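Novice: Structure in structure tokens, see below.
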Amino acid sequence: MGKIGIRELFGLIKNIYLNRETGLLVCNFRAGKRLICFVNGNIRYARSGVEGEKLGEFLVKNGYLEKKELERHLSQAHAAGERFGRYLCDNGIVGEADIKETVKKMIQHIVMRPFFEEIDEINFEKKQISLDPALMLEISTGNILLECIRDLDNPAFIENVFEENKDCIPSFMDNPMLLFQKISLTPEEGFIFSRIDGHLSMGDIEKIAGMSRDRFVKILYGLHLIGLIDFSQSQDSSFYEEARKEVMENIMEQAEEPEATEAVPELTEKQQNFVREVKSFYKDLDNVNFYQLLDVAQEEEISQIKRNYYKLMKRYHPDRFTGKQYAEISGMLDEIVSRLTEAFQILKDEDGRKAYDMKLKKQEKEPPREAEGRTTSKSEIAFRDALFYISQARFSEAIEMLNRCIQLNPDDARYYLELGKLQVDNPMWAKRAEWNLQKALELNPSLLECYELLGRLCAKTGRRESAAKFFAGALTLDPENKVAIEGMNTLKKGNRKNGGFISKISDLFS
């Protein structure tokens with residue numbers, strides 16, 4: 001992608017956010033390059049080659065470090081082979097909380113600058129991201145978009161947006177994944193949002209807003225950017241009053257939430273009950289039909305089905321449970337809302353619902369028959385899907401499918417092996433990868449690839465003796481295994497001590 005204007009930039013970031021995409025956005029400016037990392041649509045990290053946009057300079061600007069000391073500390077951190085922030089923390093120069101707060105401000109600055117400077121070239125590449133977990137932050141792209149439009153000083157752009165949409169009817173986006181997202185609206189934004197009813201035009205709402213056109217258009221366009229509203233010519237709102245009340249309550253709840261702390265808070269009894277509820281719901285996903293999933297009778301009207309769908313989405317929306325205390329159920333919530341949406345999409349469509357009802361009726365009349373020869377289990381079907389996703393480089397979908405395989409059949413080593421292979425090169429998932437590979441070996445000790453991967457992983461993390469044991473395991477199965485031989489030789493070079501453990505193991509296979 002070449003040169004890009006402010007409208008196109010807003011559109012690009014909006015699509016990344018609303019489509020929950022993962023990848024790297026690269027922005028080239030005359031002053032240098034800025035890179036922004038997105039994971040599932042949210043900003044996790046950013047770095048800059050522009051002068052004045054390094055951590056040290058931000059620490060000086062915020063009064064945590066003396067400017068005259070900056071170069072000395074940078075040199076010492078480089079000589080020690082440590083990240084600058086880690087070096088400052090370890091040596092008691094700047095507190096860890098201050099470092100993290102400054103990193104967050106730096107990333108927000110880097111992310112927002114493209115909206116206020118002329119970009120020479122921009123490109124977004126969808127790709128899996130491997131980052132040190134210590135560097136990754138959870139920054140809401142929705143809130144960044146709102147901040148950018150609030151601060152935008154571009155009267156011509158604002159007037160164009162108004163002229164294009166003044167006769168349009170703003171209406172709610174009919175997508176709970178967007179309506180129940182975690183965002184922070186100002187009181188003014190909340191007021192404008194509460195006026196959206198699917199009947200008033202943009203011009204009508206401006207008349208009752210009681211604010212300047214510039215401010216009004218920014219608010220409405222901001223709500224559009226984050227997916228809360230859309231512009232249409234229809235006067236029939238597809239979003240009824242009860243659902244609108246649910247969304248407004250959700251926004252108010254978020255405004256009252258306290259700032260997250262660094263320590264992982266203990267779950268209250270109510271939260272523990274919710275975690276158990278999610279686990280139980282997740283476990284039953286494959287055992288209930290779409291009506292049971294949405295908690296409605298099969299003959300229920302579509303209005304009630306829709307009402308239940310919105311309530312369930314509000315209850316289980318992943319954005320509402322992003323704290324570290326909910327890490328255990330994060331993936332489960334993603335799967336739950338995905339299945340709820342699948343059920344609703346089928347049942348809200350007249351033809352789709354008829355076809356699904358016929359399928360249920362057929363299942364009731366005809367008990368499942370044994371196929372001739374070997375039957376294909378649900379876990380095998382899911383495993384085939386996972387391998388297909390891997391072949392297409394759709395890794396997040398493959399991981400989701402492999403987790404479902406394990407849920408259906410926890411005793412098949414292949415599922416753990418494939419999951420470990422997808423996770424092993426991502427520092428954020430290294431521990432989980434090791435656990436999955438160890439589990440695969442426990443179920444099937446003859447998996448050569450597990451020994452290779454575990455050897456590499458242990459060597460990378462400095463656990464040399466463990467690496468040697470795994471490489472030795474690989475060589476026991478295959479004495480000519482190249483990965484294990486190279487791994488052993490590398491370990492041996494780094495262990496010059498005669499008679500050392502690694503040397504002894506290596507000598508056995510040389």
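Novice: Return the total of residues in the stretch 415-434 being buried (at least 18 other Cβ atoms within 10 Å of the Cβ) and charged (D, E, K, R).
Specialist: Counting residues in the stretch 415-434 that are buried (at least 18 other Cβ atoms within 10 Å of the Cβ) and charged (D, E, K, R) gives 3.
Novice: Could I ask something else about it? Looking at the stretch 174-193 only, could you name the residues that are farther than 18 Å from Thr141 by Cα and assigned to a loop (DSSP other than H, G, I, E, B)? Walk me through it before giving the result.
Specialist: Taking the stretch 174-193 first, the residues farther than 18 Å from Thr141 by Cα are 174, 187-188, 190-193.
Scanning the stretch 174-193 gives a single hit, Asp174.
Novice: Right, Ala243: modelled with pLDDT under 85 and surrounded by 11 or more Cβ atoms within 10 Å (Cβ to Cβ) or not? Before you say what the answer is, go through the steps one by one.
Specialist: On the way: modelled with pLDDT under 85: yes; surrounded by 11 or more Cβ atoms within 10 Å (Cβ to Cβ): yes.
Considered against the rule, which asks whether it is modelled with pLDDT under 85 and surrounded by 11 or more Cβ atoms within 10 Å (Cβ to Cβ), Ala243 comes out as yes.
Novice: For Lys14, are the conditions met, namely being charged (D, E, K, R) and surrounded by 16 or more Cβ atoms within 10 Å (Cβ to Cβ)?
Specialist: Details: charged (D, E, K, R): yes; surrounded by 16 or more Cβ atoms within 10 Å (Cβ to Cβ): yes.
Answer is yes for this residue.
Novice: Which one is surrounded by the most Cβ atoms within 10 Å (Cβ to Cβ) among residues in the stretch 435-460 that are more than 19 Å from Cys405 (Cβ to Cβ) and of a type in the set (D, E, K, R)? First the steps, then the outcome.
Specialist: Just the residues of the stretch 435-460 that are more than 19 Å from Cys405 (Cβ to Cβ), to begin with: 445-446, 448, 451-452, 454-460.
Narrowing further to those that are of a type in the set (D, E, K, R): 452, 456, 460.
On the way: Glu452: 22, Arg456: 19, Lys460: 13.
Checking each candidate, the answer is Glu452.
Novice: Can you find, within the stretch 400-414, the residue that is modelled with the highest pLDDT among those that are crowded, with 20+ Cβ neighbours inside 10 Å and of a type in the set (A, V, I, L, M)?
Specialist: Leu402
Novice: Turning to a different aspect of this structure: Looking at the stretch 29-44 only, could you name the residues that are over 21 Å from Gly331 (Cα atoms) and crowded, with 16+ Cβ neighbours inside 10 Å?
Specialist: Residues of the stretch 29-44 that are over 21 Å from Gly331 (Cα atoms), as a first pass: 29-36.
Scanning the stretch 29-44 gives Phe29, Arg34, Ile36.
Novice: Moving to a separate point now. Any residue in the stretch 163-181 that is farther than 27 Å from Leu340 by Cβ and among the aromatic types (Phe, Trp, Tyr)? If you could, list the steps in order and put the result at the bottom.
Specialist: Initially, the stretch 163-181 is screened for residues farther than 27 Å from Leu340 by Cβ, giving 163-169.
In the following step, the residues that additionally are among the aromatic types (Phe, Trp, Tyr) were identified as none.
Checked against the condition, which is being farther than 27 Å from Leu340 by Cβ and among the aromatic types (Phe, Trp, Tyr), the stretch 163-181 yields no hits at all.
Novice: Looking at the stretch 21-140, what helices (runs of 4 or more DSSP H) fall wholly within it and have at least 3 residues that are out of contact with any helix residue (DSSP H, G or I) (no Cβ under 6 Å at 6 or more places or on another chain), touching a residue at least 24 places away in the same chain (Cβ under 8 Å) and under 27 Å from Glu8 (Cα atoms)? First the steps, then the outcome.
Specialist: Working: elements: 55-61, 67-80, 84-90, 96-112.
Qualifying helices (runs of 4 or more DSSP H): 96-112.
Novice: Next up: Is there a residue being touching a residue at least 40 places away in the same chain (Cβ under 8 Å), out of contact with any Lys or Arg (no Cβ under 6 Å at 6 or more places or on another chain) and under 18 Å from Leu9 (Cβ atoms) anywhere in the stretch 166-174?
Specialist: So far as the stretch 166-174 goes, no, none of its residues is touching a residue at least 40 places away in the same chain (Cβ under 8 Å), out of contact with any Lys or Arg (no Cβ under 6 Å at 6 or more places or on another chain) and under 18 Å from Leu9 (Cβ atoms).
Novice: Just wondering, is there one or more residues in the stretch 262-275 that are among the hydrophobic types (A, V, I, L, M, F, W, C) and crowded, with 18+ Cβ neighbours inside 10 Å?
Specialist: The answer is no, given that none of the residues of the stretch 262-275 is among the hydrophobic types (A, V, I, L, M, F, W, C) and crowded, with 18+ Cβ neighbours inside 10 Å.
Novice: Need the failing condition index for Glu101 against (1) closer than 30 Å to Gly5 by Cα; (2) out of contact with any strand residue (DSSP E or B) (no Cβ under 7 Å at 6 or more places or on another chain), just the number.
Specialist: (1) is the only condition that Glu101 fails.
Novice: Scan the stretch 371-393 and tell me whether some residue there is surrounded by fewer than 17 Cβ atoms within 10 Å (Cβ to Cβ), at pLDDT 70 or above and not in a helix (DSSP H, G or I).
Specialist: Within the stretch 371-393 (the criterion being surrounded by fewer than 17 Cβ atoms within 10 Å (Cβ to Cβ), at pLDDT 70 or above and not in a helix (DSSP H, G or I)), the answer is yes, since at least one residue qualifies.
Novice: Also, I was wondering about something else. Looking only at the stretch 307-331, filter to residues that are farther than 21 Å from Trp429 by Cβ and free of Cβ contacts under 8 Å to residues at least 60 places away in the same chain; which one of those is farthest from the chain's Cα centre (by Cα)?
Specialist: Here the residue is Asn308.
Novice: Could you check how many residues of the stretch 459-495 are under 20 Å from Gly420 (Cα atoms) and either in contact with a Phe, Trp or Tyr (Cβ under 6 Å, 6 or more places away or on another chain) or outside the structural domain of Arg414 (by TED's automatic domain parsing) (or both)?
Specialist: Total satisfying the criteria: 5.
Novice: Name the residue that is surrounded by the most Cβ atoms within 10 Å (Cβ to Cβ), counting only residues in the stretch 195-221 that are farther than 12 Å from Pro170 by Cβ and within 33 Å of the chain's Cα centre (by Cα).
Specialist: Per the stated criteria, the residue is Lys218.
Novice: Let me ask something else about it. Leu179 versus (1) over 29 Å from Tyr221 (Cβ atoms); (2) surrounded by 20 or more Cβ atoms within 10 Å (Cβ to Cβ): which is the lone unmet condition?
Specialist: Going through (1) over 29 Å from Tyr221 (Cβ atoms); (2) surrounded by 20 or more Cβ atoms within 10 Å (Cβ to Cβ) one by one, Leu179 breaks only (1).
Novice: Got at least one residue in the stretch 150-167 being under 30 Å from Phe321 (Cα atoms) and of a type in the set (Val, Ile, Thr)? Show your work before the answer.
Specialist: Start the filter on the stretch 150-167 by keeping residues that are under 30 Å from Phe321 (Cα atoms), which leaves 150-151.
Remaining after also requiring of a type in the set (Val, Ile, Thr): none.
Within the stretch 150-167 (the criterion being under 30 Å from Phe321 (Cα atoms) and of a type in the set (Val, Ile, Thr)), the answer is no, since none of the residues qualifies.
The values are calculated or read from the model by the stated rules, or taken from the named source; none is laboratory data. It should be emphasised that the depicted structure is a prediction, and the values quoted were computed from it without experimental measurement. We place every Cβ from the backbone using ideal geometry, glycine too, and count neighbours over all the protein chains shown.
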